[in-house]
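Asker: Structure incoming, see below.
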Amino acid sequence: MKFDVLTIFPEMFASLEHSILGRAQENNLIDINLINIRDFSKDKHKKVDDTPYGGGAGMVMKADVVYDSYCSIKNKDNAKVIYMSPQGNVLNQEKVEKLSKEKHLILLCGHYEGIDQRIINEIVDEEISIGDYVLTGGEIPAMVLIDSVCRYVEGVITKESIGEESFSNGLLEYPQYTRPETFKDQNVPEVLRSGNHQNIKKWRREQSLKNTYLKRPELLKKIDMSREEKEMLKKLSEVL
Ligand code: 4H4
């Protein structure tokens, strides 16, 4: 999967050269190409922004400079152009999985008060937000999108990890444990050391439902539950 990223701070993406995403790039499973918007400024001071028409605080990124940086990308495959913006659709696991089916994505990172509306009209297919808050730049949101989407690219992580994690089955994940067996007088739940895979599966499903009920109850509306599971949650609600 290929990502072209239009940014004025390419150096921020160095963090994607480590760990799982670093290995995925070494193994040519993903390709992250950074384009420095500032390289396309014709201004002797390499300006990429200017004051907003109509006055007001802050600066706006210039449409012509952003456009020239976009035109430097070979977009023969008509890749989707995504603008990272607090006005976009909020990214969730369902959206992440959909985006992972694309072969090539172009991410546009805004700064300051954002980008001139005319370049959004001209090249942007979709605005995506990572949450209802305003950051200083779109680079961290772009890295969040790349990280979450790349987990679905074949070979980047093991298939099993995808299946049961939070949100993949619509629920939050069950609690995780590893050695040592005892920590601060807390033991690992006996069932996880029983070797009985059917009981472990049942326990994990129950814990996943409990976790979701306690932390994100609204997610349960979309989940099919057995009568037994509904009973279990009803009992849980009675003791809370
Ligand atoms: C972009 C600020 C657009 C304001 C920006 C606007 C996010 C986010 C973000 C730097 C840039 C900010 N990007 N999810 N949240 N004028 N980006 O805060 O559209 O309101 O993705 S504007």
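The values are calculated or read from the model by the stated rules, or taken from the named source; none is laboratory data. Note that the structure is a prediction, hence the values are computed from the model and not measured. Using ideal geometry, Cβ is built from the backbone for each residue, glycine included, and neighbour counts are taken over all protein chains shown. Surface accessibility is based on the protein's heavy atoms, side chains included, excluding ligands, DNA and RNA. Shrake-Rupley method; radii C 1.70, N 1.55, O 1.52, S 1.80 Å.
Asker: What's the number of the only condition in (1) free of Cβ contacts under 8 Å to residues at least 40 places away in the same chain; (2) open to solvent by less than 50 Å² (accessible area, probe 1.4 Å); (3) closer than 19 Å to ILE8 by Cβ that GLU139 fails to meet?
Answerer: So GLU139 meets the others, but not (1).
Asker: Being free of Cβ contacts under 8 Å to residues at least 60 places away in the same chain and either open to solvent by 50 Å² or more (accessible area, probe 1.4 Å) or away from the ligand (no atom under 13 Å from the Cβ) (or both) is the filter here; which residues of the range 95-109 pass it?
Answerer: Going through the range 95-109, the residues free of Cβ contacts under 8 Å to residues at least 60 places away in the same chain turn out to be 95-99, 101.
Residues satisfying the conditions are VAL96, GLU97, LYS98, LEU99, LYS101.
Asker: Restricting attention to the range 121-173, report how many residues are of a type in the set (A, V, I, L, M) and within 16 Å of the ligand (Cβ to nearest atom). Full working, then the answer.
Answerer: First pass over the range 121-173, keeping only residues of a type in the set (A, V, I, L, M): 123-124, 128, 130, 134-135, 140, 142-146, 149, 153, 156-157, 162, 171-172.
Filter again for within 16 Å of the ligand (Cβ to nearest atom), leaving 123-124, 128, 130, 134-135, 140, 142-146, 149.
Within the range 121-173, residues that are of a type in the set (A, V, I, L, M) and within 16 Å of the ligand (Cβ to nearest atom) number 13.
Asker: So for the range 22-30 (the condition being under 22 Å from GLY137 (Cα atoms), touching a residue at least 24 places away in the same chain (Cβ under 8 Å) and not β-branched (Val, Ile, Thr)), does at least one residue qualify?
Answerer: no
Asker: Provide a single number: the residues in the range 65-94 that are under 20 Å from ARG151 (Cβ atoms), touching a Gly at 6+ places or on another chain (Cβ under 7 Å) and open to solvent by less than 40 Å² (accessible area, probe 1.4 Å).
Answerer: 1
Asker: Out of the strands (runs of 3 or more DSSP E) lying entirely within the range 1-113, which hold 3 or more residues that are in contact with an Asp or Glu (Cβ under 6 Å, 6 or more places away or on another chain)?
Answerer: Working: elements: 2-7, 31-36, 80-90, 104-109.
It comes to 80-90, 104-109.
Yes/no per residue for (1) of a type in the set (Lys, Arg); (2) part of a loop (DSSP other than H, G, I, E, B); (3) farther than 22 Å from LEU236 by Cα; (4) more than 29 Å from the chain's Cα centre (by Cα):
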residue: THR178; (1), (2), (3), (4): no, yes, yes, no
residue: VAL191; (1), (2), (3), (4): no, no, no, yes
residue: GLY195; (1), (2), (3), (4): no, yes, yes, yes
residue: ASN199; (1), (2), (3), (4): no, no, no, yes
residue: LYS202; (1), (2), (3), (4): yes, no, no, yes
residue: ARG205; (1), (2), (3), (4): yes, no, no, no
residue: ASN211; (1), (2), (3), (4): no, no, no, no
